[in-house]
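Asker: This is the structure I have questions about; it appears just below.
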Amino acid sequence: MTDFQPGDADDGRALVIVAHPDRQDEARSVATNLAALGLATLLVEFDAATPDRQATARINAAAETLAERDEVRDDGIGALGIGRGATWVLLAACERGRIDALVLVDPHPVYADLDVDHPVQPLEMLLNLDAPMLCVYRGGAVAEPDRLALHQRAQAFARTLEILDLPRSTPNADLFSSTSEQDALSAFLDDYLP
C-alpha cells in the first residue's frame with residue numbers, strides 16, 4: 001500500500017517513507033509531520049515477511065513514481081526509513097541512483113545471519129551508494145558495534161554521513177515534530193536536495 005501527501009511547498013522535494021512493518025501508524029505520523037514542512041511524501045507499507053529484494057524493488061518503484069509526478073523534481077527525491085525500513089531504503093539506494101539523499105532512523109546495517117530473504121549484508125553495499133546519509137539515533141536503539149561499523153564503512157568508502165542523536169524516549173510519531181529536529185532535517189535536505 002502507498003499513501004501520497006503532496007506537502008505544502010512548491011520546491012519539488014519529496015521523500016519515500018518506509019517503516020518497520022509493525023510501525024506503520026507511526027510512519028504515517030512522520031509522513032504527516034514532513035508534509036507539514038512542505039515535503040511531498042509517499043508512504044510505502046510492508047508486512048513483516050517481506051524479503052529484502054521485494055522491499056528494495058518497491059522502494060525504487062516508489063521513487064520512480066514520485067519522479068513522474070508534476071509537483072516533484074526528479075532530482076529532489078530522498079528516502080526515509082525507520083528501523084528495518086532504514087535498512088531497506090539503504091539497500092534500495094545502493095541499487096539505483098534515483099534516491100538522492102537518505103535519512104536512516106535507527107538503522108540496523110548488519111544482519112546476524114544471511115538467508116534467502118536477506119542475501120547480502122547492508123553494510124557491504126555501501127560501496128555502491130552515491131547518496132548522502134543522515135543517521136538519526138534514539139538513545140540505545142542501535143547497538144554500538146553496528147553504529148560504529150556503519151560509520152567506519154561510510155568513512156572508508158568516502159560516503160557522506162551526518163548524525164543526529166535524539167533521546168531514546170522519542171517515539172516515531174513525534175519524529176521531526178520538534179523545531180530542533182526539523183531544523184536538522186531541513187539543513188541536511190537543503191545541502192543534499194537543494
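Asker: Give me the percent of the accessible area of region 139-194 that comes from carbon and sulfur atoms, probe 1.4 Å, all protein chains in place.
Answerer: 49 percent
Asker: To continue, here is another question. What is the Cα centroid distance between region 7-55 and region 138-194, reported in whole angstrom?
Answerer: That distance is 16 Å.
Asker: Let me ask another. Kirkwood Rh over Cα pairs of region 1-103 into Stokes-Einstein at 10 °C, 1.306 mPa s: D in µm²/s?
Answerer: 122 µm²/s
Asker: Next question. In square nanometres and to one decimal, what's the mean projected area of the convex hull around the Cα atoms of region 73-120?
Answerer: Averaging across all directions leaves 3.5 nm² for the Cα convex hull.
Asker: With a 10 Å cut-off between alpha carbons and a GNM built on the chain, which of Leu150, Leu164, Leu90 moves the most?
Answerer: Fluctuation is largest for Leu164.
Asker: For the chain, with equal point scatterers placed on the C-alpha atoms only and solvent neglected, what are the log10 I(q)/I(0) values from the Debye formula at q = 0.12, 0.14, 0.15 1/Å, to two decimals?
Answerer: -0.50, -0.70, -0.82
Asker: Please list, ordered by chain and number, the residues whose modelled amide H lies under 5 Å from the amide H of Glu162; skip anything fewer than 5 residues away on the same chain.
Answerer: Distant-sequence amide H within range of Glu162: Met133, Leu134, Cys135.
Asker: Per residue of the chain, what 222 nm ellipticity follows from adding -39500 (n - 2.57) for every DSSP H run with n ≥ 4, rounded to the nearest 500?
Answerer: Values: 5 runs with 69 residues, N = 194.
Calculated from helices alone, the mean residue ellipticity at 222 nm is -11500 deg cm²/dmol.
Asker: Return, ordered by residue number, the residues of region 111-128 whose backbone nitrogen is under 19 Å from a label point located 7 Å along Cα→Cβ of Phe157.
Answerer: 111-115, 118-128
Asker: Can you tell me the accessible area per residue over region 1-120, all protein chains present, probe 1.4 angstrom, in square angstrom? Let's see the in-between values first.
Answerer: Details: 4810 Å² over 120 residues.
Counting only protein heavy atoms, the per-residue value for region 1-120 is 40 Å².
Asker: Another question about this same structure. Considering region 98-164, what Rg and Dmax in Å follow from its alpha-carbon atoms?
Answerer: Over region 98-164's Cα set, Rg and Dmax evaluate to 11.8, 33 Å.
Asker: Pick out which of Val136, Val16, Val116 has the largest mean-square fluctuation in a Gaussian network model of the chain, springs linking Cα atoms closer than 10 Å.
Answerer: Val116
The values are calculated or read from the model by the stated rules, or taken from the named source; none is laboratory data. These figures come from a predicted structure and were not determined experimentally. A quick note on method: Cβ atoms are made from the backbone with ideal geometry, for glycine too, and the neighbour counts reach across all protein chains shown. Surface accessibility is based on the protein's heavy atoms, side chains included, excluding ligands, DNA and RNA. Shrake-Rupley method; radii C 1.70, N 1.55, O 1.52, S 1.80 Å.
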